[in-house]
Amino acid sequence: MPITTLGKLFDLESQESGGSPLFMSPTPTTDPEPISGVKTGGDGGRIPVEEWLPITESRKGNVYTATFHLLCSGIGLQVILLPAAFAALGWVWGTIILTVGFVWKLYTTWLLVHLHEAVPGIRISRFVRLAIASFGVKLGKLLAIFPVMYLSGGACTILVITGGKSIQQLLQIMSEDNTAPLTSVQCFLVFSCIAIVMSQFPNLNSLFGVSVIGAIMGVTYCTVIWILPVTSDAQKTQVRYATSDKSFVHIFNAIGLIALVFRGNNLVLEIQGTLPSDSKNPSSTTMWRAVMMSQTLIAICMFPLSVVVYWAYGDKIPATGGPVGNYLKLYTQEHSKQAACFIHLTFIFSCLCSYPINLMPACDNAEMVYTTKKQKPASIIVRMMLRVFLGMVCFSIAVVFPFLPYLAVLIGAIALLVTFTYPSFMWISIKKPQRKSPMWLFNVLMGCLGASLSVLLLVASAMHLAQKGLHANFFNP
């Protein structure tokens, strides 16, 4: 690897005079510790300050911790929107696009896993750092900061909105007069308070128990959602499957709903950073096993849910996206109150457990700024206050912009670059395969297709909003 690239990996804070250290790594030592062997217990490859930051504070993870982290962050609330995409695309194209997206995501994850230790002795445990190492300091920050921070803070904000609305729906189902005793803002606050408390674990590796619960809840509600229609009489009513609207806007908005399911690459390097690594057992081997195990379970949840729910409800499913609660209401109408309550409850727990993992990159960055300025690790009080502050920011944004789920495809189109575009170009930049070789050509093609998809989804979502309107309800969840 060229000396200039190594310099970017180590001197990530080099910037113009007077620049802010925000989103940058603290200045590493001139003699960084190599990947550890037996003597250090597989806990090396760090600059000293990394031992103070929540993502890399503990490298004692294993294949099971990584698997559950990937599961909890991978079975997102967007999975419930897949039948809506099928309602717009139909059986054939819905299945094809979902399969292509799944394989594409698996490939770019493989690239990131093997870029984590692309240079022997160096571990890149954050997506922004890999972007800087690949594209340079200025361009790397420009390309990666917004998508990564949106996928962190934006995902938590949407979890507050969706989780809060689900709490309100659950209370409404349980009440005798079919009214919720709490307002939407109060439900947002309840969800945020619980989520902030759950975010107080010191580091990413310590969130293992939360990830286990979140993964179990995610698999449970996905399974129940597709099993209920099979075992009930829902399909006996007349169902239509014809797609009436075949316009560019409608089709690409549906493709966007499918693409949003495959976010999560912003957490791959971070989760791999919790694993030990040495020359005999590199972290990439353990991480790839965790990826295969988690993605197998995600596929088992994702594909039956998409196909069976569309088979059961057909044109009853709104094909325009929007809040997840719109789709959960189908189960309130078609099934028993107990079944509807169980789905809502497991869904809420899944959202609560996903929140701390999605918030961790923002917490890590906030502590990075603190340790850079103070040259000392954040105390328990400082760490707690930073996470409370970030949680309240997400809550405030959710209250001010409760219509954000309607903008998921529009804003998410930019963040999709993290999954479908950047990893291919990062591989070319770091690994430097021979120009016009099969690997070089394939990654250029994948990167260009990913960028084109992002642009098309952005245009289609903007046109959809222009046609249908947004009905922005500021400060009125």
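The values are calculated or read from the model by the stated rules, or taken from the named source; none is laboratory data. Here the structure is a predicted model, which means the values were calculated and not measured. Ideal geometry is used to build each Cβ from the backbone, glycine not excepted, and the neighbour counts take in all protein chains shown.
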Practice item. Only residues that are of a type in the set (Gly, Ala, Ser), modelled with pLDDT under 80 and outside any loop (DSSP other than H, G, I, E, B): list them for the range 229-260, please. Key: ALA234
Exercise for review: Could you check how many residues of the range 273-312 are touching an Asp or Glu at 6+ places or on another chain (Cβ under 9 Å) and either among the acidic types (Asp, Glu) or in a helix (DSSP H, G or I) (or both)?
Suggested key: 3
Exercise for review: Report, by residue number, each residue of the range 199-225 that is surrounded by 21 or more Cβ atoms within 10 Å (Cβ to Cβ) and in a helix (DSSP H, G or I).
Suggested key: ASN205, LEU207, VAL210, SER211, GLY214, ALA215, MET217, GLY218, TYR221, CYS222, ILE225
Check your understanding: Which one of these is farther than 24 Å from THR162 by Cα, without any contact (Cβ under 8 Å) to a residue 60 or more places away in the chain and in a helix (DSSP H, G or I): LEU449, LEU465?
Key -> LEU449
Point to revise | Residue among VAL224, VAL230, VAL212 that is within 30 Å of VAL307 (Cβ to Cβ), of a type outside the set (D, E, K, R) and touching a Phe, Trp or Tyr at 6+ places or on another chain (Cβ under 6 Å) | key: VAL212
Review point. What residue, of VAL388, VAL418, is closer than 30 Å to MET198 by Cβ and at pLDDT 95 or above?
Key: VAL388
Practice item. Report those helices (runs of 4 or more DSSP H) wholly inside the range 346-433 carrying at least 3 residues which are in contact (Cβ under 8 Å) with a residue 60 or more places away in the chain and within 30 Å of CYS448 (Cβ to Cβ). Key: 408-415, 417-420, 422-431
Check your understanding: Within the range 282-294, can one find any residue that is surrounded by fewer than 16 Cβ atoms within 10 Å (Cβ to Cβ), more than 21 Å from ARG126 (Cα to Cα) and either touching a Lys or Arg at 6+ places or on another chain (Cβ under 7 Å) or of a type in the set (Ser, Thr, Tyr) (or both)?
Key -> no
Point to revise | Candidates LEU386, LEU453 - the one that is under 19 Å from PHE252 (Cα atoms) and out of contact with any Lys or Arg (no Cβ under 9 Å at 6 or more places or on another chain) | key: LEU453
Practice item. Would you point out which residue out of ALA131, ALA144 is part of a helix (DSSP H, G or I), over 23 Å from PRO356 (Cβ atoms) and under 19 Å from the mean Cα position of the chain (by Cα)? Key: ALA131
Check your understanding: Looking only at residues in the range 56-81 that are within 18 Å of ILE348 (Cα to Cα) and among the polar types (S, T, N, Q), which one is surrounded by the fewest Cβ atoms within 10 Å (Cβ to Cβ)?
Key -> GLN78
Revision key, fill the gap. With the first residue restricted to the range 197-215 and required to be in contact (Cβ under 8 Å) with a residue 12 or more places away in the chain and within 19 Å of SER350 (Cβ to Cβ), and the second required to be in a loop (DSSP other than H, G, I, E, B) and of a type in the set (Phe, Trp, Tyr), Cβ contacts under 8 Å at 6 or more apart or on different chains are LEU207/PHE201; VAL210/PHE201
Practice item. Within the range 261-272, count every residue that is of a type in the set (Asp, Glu) and not in a helix (DSSP H, G or I). Key: 0
Practice item. Report the residue count in the range 106-123 for those that are at pLDDT 90 or above and among the aliphatic types (A, V, I, L, M). Key: 5
Point to revise | Lone qualifier among ILE55, ILE96 - being touching a residue at least 24 places away in the same chain (Cβ under 8 Å) and either more than 15 Å from the chain's Cα centre (by Cα) or on the phi < 0 side of the Ramachandran plot (or both) | key: ILE55
**Study point:** Test: VAL369 is among the hydrophobic types (A, V, I, L, M, F, W, C) and over 25 Å from ALA118 (Cβ atoms)
**Key:** yes
Practice item. Determine which single condition ALA254 fails, assuming it passes every other condition in (1) buried (at least 22 other Cβ atoms within 10 Å of the Cβ); (2) within 27 Å of ILE124 (Cα to Cα); (3) among the aliphatic types (A, V, I, L, M). Key: (2)
